[in-house]
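Down below is the structure, laid out as structure tokens.
FYI, it's all coordinate maths here, none of it is from the lab. Just so we're clear, the structure is a prediction, and the values are computed from it rather than from any experiment. Backbone-built Cβ (ideal geometry, glycine too); neighbour counts: all protein chains shown.
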Amino acid sequence: MQGRRSVWFLPFLVFSIVALIVSCHVRAAGTIVVKSTSFEEGKAIPKKHTCDGEDVSPQLSWTGVPAGTKSMAVICDDPDAPAGTWVHWVIYNLPGDSTGIGENVPPREVLPNGAKQGKNDFRKIGYNGPCPPGGTHRYFFKVYALDTLVDLPAGATKAELVRAMEGHVLAQGSVMGTYSRK
């Protein structure tokens, strides 16, 4: 009886160990660490970066971009919006060797470094900050390393960018801030 149990247990144990090793390797290889000097992970986004202030984009920086990255993309959205996820910023074709974005990116379709900005859910080009109708909302700044330049004109929506990125994401990461209006 004991021999039969060990026969069943051994393949299960081997499978579990292999699955654990593979999942750890994939997670480590595909994660970008994203930070901001404008706000700390999980903390309040300063008024300066919201509709109640100057409404300027925050600074973002990232590390862990894999070799072979041709371009970077950033999407900022609010999953707590009453009508569903609300998009605050879409920017793509940032240089693949970039390590961040400075504060106050101008609302231009094409930036001097060749990056393109898309249309947010305010129907504007560039960044529009937090402006929740009530309660505390979360804002995710998601950064993607891509193995290609995205073949989209400036002004693309989040949905168009996500479709264009399919099969091209080498790594990704995010930083989240919160905001509630007083």
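Over 24 Å between C-alpha atoms is what I'm after, so list which of LYS47/LYS70; LYS48/LYS119; LYS47/LYS142; LYS158/LYS182; LYS35/LYS182; LYS124/LYS158 land there.
Violating the 24 Å limit, Cα to Cα: LYS47/LYS70; LYS158/LYS182; LYS35/LYS182.
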**Prompt:** Could you give the alpha-carbon Rg of segment 28-125 over 2.2 N^0.38 Å, rounded to two decimals?
**Reply:** 1.11
**Message:** Within segment 151-182, name every residue whose backbone N is under 17 Å away from a label modeled 7 Å from Cα of ASN104 along the Cβ vector.
**Reply:** none
**For CYS76, CYS51, order by how many other beta-carbon atoms lie within 10 Å, fewest first** = CYS51, CYS76
**Request:** For SER180 and ARG163, calculate 0.36 nm times their separation in residues minus their Cα-Cα distance, and state this gained length in nm to one decimal.
**Result:** 3.0 nm
**Asked** Among residues other than GLY129 whose Cβ falls under 13 Å from its Cβ, what is the net charge (Lys/Arg +1, Asp/Glu -1)?
**Response** -3
**Prompt:** How many nm is it between the label spots at ALA44 and LEU149, if each spot is 7 Å from the Cα in line with the beta carbon?
**Reply:** 4.3
